[in-house]
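The values are calculated or read from the model by the stated rules, or taken from the named source; none is laboratory data. Bear in mind the structure is a predicted one, so any value in this text is a computation, not a measurement. Neighbour counts are summed over all protein chains in view; Cβ atoms, including those assigned to glycine, are modelled from backbone coordinates with ideal geometry.
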């Protein structure tokens, strides 16, 4: 395997900057992997080798002209196919949008360009970023799901077909595929990254996330995407200036965590449970195990009300005109979504802020919450992307969460540990995540 | 009329501090007015002379002990009867709560106490702060409505039965009664004042407001109420430190305004129209007249969906158990509120932030929006509190708004001009309001 594929993003950027390597060389290394593995993994909804090499060449020429380069200059990034792009189709995982493009780039595409990064191609997504699975398979076992809805983004990074990828999460669409595919998946706090020009499935729940090989790699991608955007009124002013230094330096204290096994612990297979128990034991100085607060049950109910109602609102045209082209998952969600009353929806929205006020009390005594990222390893079969039961609460609360590929479950398949933090505390949060990443390596040495 | 009644809040506070006057003397001056006018005006839901004088005596003793005093030490403040108080009943304008108290003080009651202010009594409110009118009459003409739902608060200040009062606005419940009664009514930006311990009618729309005789007086009351409160998750950190200096100094520039006659201009009587036209003419250097943006119509629709759904949610127990004790207004609102779908409610919430993004563009070129506070003067009769058509948009958007009693309509009844500002810009906003107040005096001299 080419050395390029094992380089960190920082190393790649540095090598380009020192002219030790070109963007064309980097892209060729990834193209070689795609040629070899895409047939089985099917991570891409759109990939054009020629277009990618043209853009890499442009980046190299620009660099050679002596102009100042951005923080990701020449680095290819895979982008989930719900993110609007002009020069590539944006099909959103539905045959209804076959071959269609957006008329403008999403804000985050422009931010990628500003950073010097190259949009590599579009990665396969579950139907409209919901549950209907794409053709993508799990790189570790092609008979298993990669998880969803950011299936292609996670699978592309896991199979070294891309160094970095952008995804999104409304339920568990970043953390779950990251866990199943064995990569780092990070969903920043709600409001840090603009969704302008990205398929809207639920205004209150949709959040952009990123995939990479390490905490530092995902931090480098997230950092350039974080920006207040008046076209996404949910975005806030947030300074990610010290995000990378926080990751490099880690916390100044020995962090303390709560581990929530959650009510879904019983869903987890034996091997995976053993792996989690081993993790807890290894970090026993730092971890206390607690029962989940009782209101988490309400959050699951409320998450569903908001999610399904918003799907029914946002895809009512598809449902009216092309119902038979929608998956059974989407049809059933829209059918439910049409039934909720305004009173139920109002309650579900009202509880968002109130529950967060209770939730954040955890951070008076602890530096983070740990949970399984998913109920065990990727399940067999490609007809479902698995469940998001370990993820919905944090999507609803809008907290930062990250899946770290630190464990192995049955058949030595990858399994993620999820760290959850305090809203808007992403800089420090990633420092803590990086600490866990480093300490775990010690235990496994 | 006692000199005390004409003193500004600043003067009263100064005189108490210099021992030129006592809190007991101030309260006695207001008690005299209450003895004389309450029979006709019926502004109070609860008033106990003895209790008030006890508290005034306590304030005087405290001051004489030499301890440091707060910014409103010894000043009596009337409080709308939806604000929870332990030592006085909190009936919320409904026979269902006859004689009932809250088990704890609202956050703003504690803040009043901290400032040294005295809770004078509880003022009459429309039924559950909605449209069912209380017994209160308009002090300028007892056959007319004082407006609602903060009817007693506005009427008490207008008839010199209280120097300051607290109210609340969900549709137009501060601005409308201020206009009808001829006092200043100020509703700060959504999120500045905690609603913890105040009757909840609509989480997204309920906002606390204040009444007084001048912009500076209301600013002094608002300032001590503005505080982040974790029990009202909608509250934000906001510094009102320079609120009073901003009012005193006014803007550093000649302000420019948009005047929206709005789609409801046709509802206004001829005399009131003439008064508004005279005002516009007097300020012609500063005012440009515009049509209201087309999305204001949507806001009216969405405001109604949120308001009625939330009423149906919050008062479902009353509706189930004591329907016949609810007014026809409330019954009809709850009936509507039970009918909206989750999809409609979701749309109505979604549009709040989006419409604000459009709205705030006004402030790139202008320093405020002016509109009539109400469709003319207080209407005849006590069976309705008038309409909130000129107010709902700003309640929905959560912007600061203030009614200034600068005009007279038919029968020389008072008529307010409403100034609306940019969200969270309340300090500068009140400076601009104070500028209009001062300039108007010049025109009328």
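What residue, of B:41, B:9, B:24, is more than 25 Å from residue B:141 (Cβ to Cβ), touching a residue at least 12 places away in the same chain (Cβ under 8 Å) and under 21 Å from the mean Cα position of the chain (by Cα)? Result: B:9 is the single residue among B:41, B:9, B:24 that is more than 25 Å from residue B:141 (Cβ to Cβ), touching a residue at least 12 places away in the same chain (Cβ under 8 Å) and under 21 Å from the mean Cα position of the chain (by Cα). Within the stretch A:73-94, the set of residues being more than 30 Å from residue A:315 (Cα to Cα) and surrounded by fewer than 24 Cβ atoms within 10 Å (Cβ to Cβ) comprises A:73 only.
Scanning the stretch A:395-412 for residues that are over 17 Å from the mean Cα position of the chain (by Cα) and surrounded by 21 or more Cβ atoms within 10 Å (Cβ to Cβ), we see that the one that is nearest to residue A:222 (Cα to Cα) is A:407.
Among the listed residues B:259, B:238, B:231, identify the single one that is in contact (Cβ under 8 Å) with a residue 40 or more places away in the chain, in contact with a helix residue (DSSP H, G or I) (Cβ under 7 Å, 6 or more places away or on another chain) and closer than 30 Å to residue A:351 by Cβ.
When all the criteria are applied, what remains is B:231.
So, residue A:433, is that one within 30 Å of residue A:142 (Cβ to Cβ) and outside the structural domain of residue A:124 (by TED's automatic domain parsing) or not? Answer is yes for this residue. Filtered by the rule that a residue be closer than 26 Å to residue A:219 by Cα, touching a strand residue (DSSP E or B) at 6+ places or on another chain (Cβ under 9 Å) and part of a helix (DSSP H, G or I), the stretch A:42-71 gives A:52, A:55, A:56, A:58, A:59. Quick check, is residue A:320 more than 11 Å from chain B (Cβ to nearest Cβ), more than 28 Å from residue A:433 (Cβ to Cβ) and out of contact with any helix residue (DSSP H, G or I) (no Cβ under 8 Å at 6 or more places or on another chain)? When the stated conditions are applied, residue A:320 passes them.
Based on what the data block shows, is residue B:167 under 21 Å from residue B:413 (Cβ atoms), at pLDDT 95 or above and surrounded by 24 or more Cβ atoms within 10 Å (Cβ to Cβ)? So residue B:167 passes the test.
For the stretch A:343-353, the candidate set comprises residues that are facing chain B (nearest Cβ under 9 Å) and touching a residue at least 12 places away in the same chain (Cβ under 8 Å); within that set, the residue that is nearest to residue A:395 (Cα to Cα) is A:352. Within this structure, residue A:333 passes the test of being within 14 Å of another protein chain (Cβ to nearest Cβ), assigned to a helix (DSSP H, G or I), more than 30 Å from residue A:227 (Cα to Cα) and touching a residue at least 40 places away in the same chain (Cβ under 8 Å). Could you please find all residues in the stretch A:294-307 being within 13 Å of chain B (Cβ to nearest Cβ) and under 21 Å from the mean Cα position of the chain (by Cα)? Answer for the stretch A:294-307, where residues must be within 13 Å of chain B (Cβ to nearest Cβ) and under 21 Å from the mean Cα position of the chain (by Cα): A:304, A:306, A:307.
State which residue is farthest from residue B:302 (Cα to Cα) when the search covers only the stretch B:353-372 and only residues that are touching a helix residue (DSSP H, G or I) at 6+ places or on another chain (Cβ under 7 Å) and buried (at least 20 other Cβ atoms within 10 Å of the Cβ). Filtering the stretch B:353-372 for residues that are touching a helix residue (DSSP H, G or I) at 6+ places or on another chain (Cβ under 7 Å) and buried (at least 20 other Cβ atoms within 10 Å of the Cβ), the one farthest from residue B:302 (Cα to Cα) comes out as B:367. Going through (1) assigned to a loop (DSSP other than H, G, I, E, B); (2) over 30 Å from residue B:24 (Cβ atoms) one by one, residue B:85 falls short only on (2).
Residue-by-condition table, conditions (1) more than 24 Å from residue B:161 (Cβ to Cβ); (2) in the same structural domain as residue B:100 (by TED's automatic domain parsing):
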| site | (1), (2) |
| --- | --- |
| B:183 | no, yes |
| B:198 | no, yes |
| B:231 | yes, yes |
| B:238 | yes, yes |
| B:257 | yes, no |
| B:267 | yes, no |
| B:290 | yes, no |
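For every residue, the table says whether it meets (1) modelled with pLDDT under 95; (2) within 12 Å of chain B (Cβ to nearest Cβ).
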residue	(1), (2)
A:338	no, yes
A:341	no, yes
A:386	yes, no
A:401	no, no
A:406	no, no
A:422	no, no
A:428	no, no
A:434	no, no
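Listed by position, the strands (runs of 3 or more DSSP E) contained in the stretch A:191-293 that have at least 3 residues being away from chain B (no Cβ under 14 Å) and buried (at least 19 other Cβ atoms within 10 Å of the Cβ) are A:207-212, A:257-260.
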